[in-house]
Amino acid sequence: MAGESLKLRGRVRAVLGANIDTDIIYPGRYLNITDREKTAEHLFELSYPDVRAAIQAGEFIVAGANFGCGSSREQAAAALKFAGIGAVVAASFARIFFRNAINLGLPAVVAPDMAANCAAGDELEIDLVAGAIRNLTTGITVQAAPLDPRAAELLAAGGLIPYLKHKYLQEANATCPSTV
Amino acid sequence: MGMTLAEKILARASGRERVSPDQIVIARVDLAMSHENADLVRKSFLEIGVERVWDPSKIVIIFDHRVPAESEKTATTHRAVREFVAAQGIPHFYDVGRGGVCHQVLPEEGHVRPGMVLVGTDSHTTTHGAFGAFATGIGATEMAGVWTEGTLWFKVPSSLRIEVEGEFPPWISAKDLILHIIGKLGAAGADYRAVEFNGPAIRWMSVASRMVLTNLAMEMGAKVAFTPVDEVLLSFLRPRVQGELEVIAPDPDAVYERTIGIDAGADLKEPCIACPHAVDNVKPLSAVGEVPIHQAVIGSCTNGRIEDLEVAARVVAGRRVHPRTRLIVSPASQRVYREALQLGYLETLVAAGAMVNPPGCGPCVGVHQGILAAGENCVSSTNRNFIGRMGSKDSFVYLASPAVVAASAIAGRLAHPEAVVKEGRVWQAKA
Ligand code: SF4
């Protein structure tokens, strides 16, 4: 099951540049929205509103280096996820964004050569565990950093909340003899 | 082979003899800080379904981003957090009027000590490396995990060392130094790395100035940043922190990915300005050109402390803020506010035409207390100038030292403090 869910296929919605900061992804003025689903309405609001409007479920965002730099706001990762983005592929990620994405179950894939080798509309197949991305439109395959085991485990669980829920439910069950 | 500060602290927190870069460890967390986004953490925590937080005494919650509540929505968030704090028996909670900007309050109130692992749901948590803590920002859901387990996984970072020597020219401050470094290394120049600032020029610096370095190290991607645990720091900590203080230092044979040397006298001839819309878009003041200023902001976790208000007061004393400019001052905390009142700095600033905000993040976060309109230019002592950070996406934020901000408020355009102070009353507005 885990192996299957860690392979993704979808189209590229947009190819963005380097240093896409969290204010671009999710403006600070909406930080008091704490319903994760609602954050999607403000994705890219200041800089790329047309990208948000066009997103189809499962599409990818491809970007240059240092994607998600800036604030620790988890809403940036949540807005991408709940707008329907299936994965973000970037040359590199700012560390807090990377962790937020994985914790929310949004694959964040490090692939330095992807932006130069795809265009909006291309279809990609991403193998998260092997660390390979095939551009089915052009036939080019680029290298990606394979997910580290801890991140793979969290993604397979659907994020940190379901992961911990499961863990603590199991522990609770283990200490209760009647359920063993 | 010796260990860097980051390696030493992570080794101990993960119960190991030693660790090395890229190793993944699970470390115990000594302190978990949140501001209003404690509400997001609370929601994720409730979803996990565990009843009690791991250790209420290790959680600190400080309201600062929207204080006092600027909308009913925020008021509701604040209320939810207050109720959670009461229900969980979290003893360290700083409500409106009791604290200030989280990164100022945490050390001021004695919560931070050398050698600890500190996580905060705020990216500028790196600030606390000025107190010898391995301190870094995490997201809200991750914090819910910390509230549940009291531990967190870390990839051990490799370390950069920045050695600063030489004497700072007049009007040049820690802010200019760190902007200079960010301009050199770039916004991702220290990504995932630990940064150790050291050298004679750092050891001379006040604790407040060291905090400027560790605070802004985040803007080059640093995971954690440190300044030395020395006598300057210990004398700040002793009256605030109970118990023994650990003097922690990197081993002399610790391994650094890179060492960068800076001579403050030779490399920092002029104030540094981070121009729109990136913190690494740094230029010397004279290369920026003529920029009319509509709003000037002094405050934030970067530069809202006593020494910042002091230099600002010195620059504006006896002068008036330029008619086209609004000068907004937000003391970083209640304590800073009181001290600045007692020392007369606020009197001087207000007399010059400044508006003083309550202690908190103020306009830095772009939601209240000084939003920019389209086409406006702002010079700010804060730490981010991204598009739309302080208001309209068509506004422009220049980051600078408090001295430059104060001078620019008087001049009505980006200005060198020396020029303003020298030319005296030239820019004095008519009453
Ligand atoms: S002052 Fe600004 S940078 Fe500092 S914590 Fe507040 S919003 Fe963040």
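The values are calculated or read from the model by the stated rules, or taken from the named source; none is laboratory data. From a predicted model like this one, the values you see are computed outputs, not experimental measurements. All Cβ positions, even for glycine, are placed from backbone atoms using ideal geometry, and neighbour counts span all protein chains on display.
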Which listed residue, of B:374, B:406, B:400, is more than 21 Å from the chain's Cα centre (by Cα) and at pLDDT 95 or above | B:374
Is there a residue being farther than 30 Å from residue B:164 by Cα and either in the same structural domain as residue B:395 (by TED's automatic domain parsing) or within 14 Å of the ligand (Cβ to nearest atom) (or both) anywhere in region B:265-283?
-> no
In region B:327-341, is there at least one residue being within 24 Å of residue B:421 (Cβ to Cβ) and within 12 Å of the ligand (Cβ to nearest atom)?
-> yes
Matching residues in region B:281-303 - criterion: being touching a strand residue (DSSP E or B) at 6+ places or on another chain (Cβ under 7 Å) and assigned to a loop (DSSP other than H, G, I, E, B) | B:281, B:288, B:290, B:291, B:293, B:294, B:299
Residue in region A:95-107 that is free of Cβ contacts under 8 Å to residues at least 12 places away in the same chain, in contact with a Phe, Trp or Tyr (Cβ under 8 Å, 6 or more places away or on another chain) and within 14 Å of another protein chain (Cβ to nearest Cβ) present = yes
Would it be correct to say that residue B:144 is closer than 24 Å to residue B:273 by Cβ and within 14 Å of another protein chain (Cβ to nearest Cβ)?
-> no
For the subset of region B:92-146 comprising residues that are in a helix (DSSP H, G or I) and of a type in the set (D, E, K, R), which member is nearest to the chain's Cα centre (by Cα)?
-> B:108
Could you pull out every one of the helices (runs of 4 or more DSSP H) wholly within region A:10-122 that has 1 or more residues that are in contact with a helix residue (DSSP H, G or I) (Cβ under 6 Å, 6 or more places away or on another chain), of a type in the set (Gly, Ala, Ser) and closer than 17 Å to residue B:192 by Cα?
-> A:95-103
Within region B:161-243, which helices (runs of 4 or more DSSP H) (wholly inside it) include 1 or more residues that are surrounded by fewer than 23 Cβ atoms within 10 Å (Cβ to Cβ) and touching a strand residue (DSSP E or B) at 6+ places or on another chain (Cβ under 9 Å)?
-> B:174-185, B:200-203
So is residue B:83 more than 21 Å from residue B:13 (Cβ to Cβ) and free of Cβ contacts under 8 Å to residues at least 12 places away in the same chain or not?
-> yes
Within region B:316-342, track down each residue that is basic (Lys, Arg), touching a residue at least 40 places away in the same chain (Cβ under 8 Å) and part of a helix (DSSP H, G or I).
-> B:335
Write out, first by first residue and then by second, each pair whose Cβ atoms fall under 6 Å of each other, whose residues are 6+ apart or on separate chains, and whose first residue, in region B:28-45, is within 16 Å of the ligand (Cβ to nearest atom) while the second is of a type in the set (Asp, Glu).
-> B:35/B:64
Away from the ligand (no atom under 16 Å from the Cβ), surrounded by 18 or more Cβ atoms within 10 Å (Cβ to Cβ) and of a type in the set (Gly, Ala, Ser) - does that describe any residue in region A:19-38?
-> no
Residues of region B:361-386 being touching a Leu at 6+ places or on another chain (Cβ under 6 Å), away from the ligand (no atom under 11 Å from the Cβ) and not in a strand (DSSP E or B), which ones?
-> B:385
Looking at (1) more than 29 Å from residue B:287 (Cα to Cα); (2) touching a residue at least 60 places away in the same chain (Cβ under 8 Å), which is the one condition that is false for residue B:397?
-> (1)
Can you pull out the residues in region A:18-37 that are over 17 Å from residue A:108 (Cβ atoms) and either of a type in the set (Asp, Glu) or touching a residue at least 12 places away in the same chain (Cβ under 8 Å) (or both)?
-> A:23, A:27, A:28, A:30, A:31, A:33, A:35, A:37
Selected residue (only one of B:44, B:20, B:57 is away from chain A (no Cβ under 11 Å), of a type in the set (Gly, Ala, Ser) and in a helix (DSSP H, G or I)) | B:57
Filtering region B:12-45 for residues that are of a type outside the set (S, T, N, Q) and under 22 Å from residue B:128 (Cβ atoms) leaves a count of 18
Within region A:119-142, the count of residues that are among the hydrophobic types (A, V, I, L, M, F, W, C) and farther than 17 Å from residue A:85 by Cα comes to 6
Mind telling me which of the residues A:68, A:64, A:86 ends up being within 12 Å of chain B (Cβ to nearest Cβ), closer than 28 Å to residue B:154 by Cα, touching a Leu at 6+ places or on another chain (Cβ under 9 Å) and modelled with pLDDT of 95 or more?
-> A:64
Among residues of region B:109-141 being within 9 Å of chain A (Cβ to nearest Cβ) and among the aliphatic types (A, V, I, L, M), the residue nearest to residue A:72 (Cα to Cα) is B:138
Residue B:141 being buried (at least 23 other Cβ atoms within 10 Å of the Cβ), over 18 Å from residue B:261 (Cβ atoms) and among the β-branched types (Val, Ile, Thr) | yes
Of the residues in region B:277-312, those that are crowded, with 24+ Cβ neighbours inside 10 Å and touching a Phe, Trp or Tyr at 6+ places or on another chain (Cβ under 7 Å) come to B:309
Looking at region A:136-144, is at least one residue at pLDDT 95 or above, crowded, with 19+ Cβ neighbours inside 10 Å and more than 14 Å from chain B (Cβ to nearest Cβ)?
-> yes
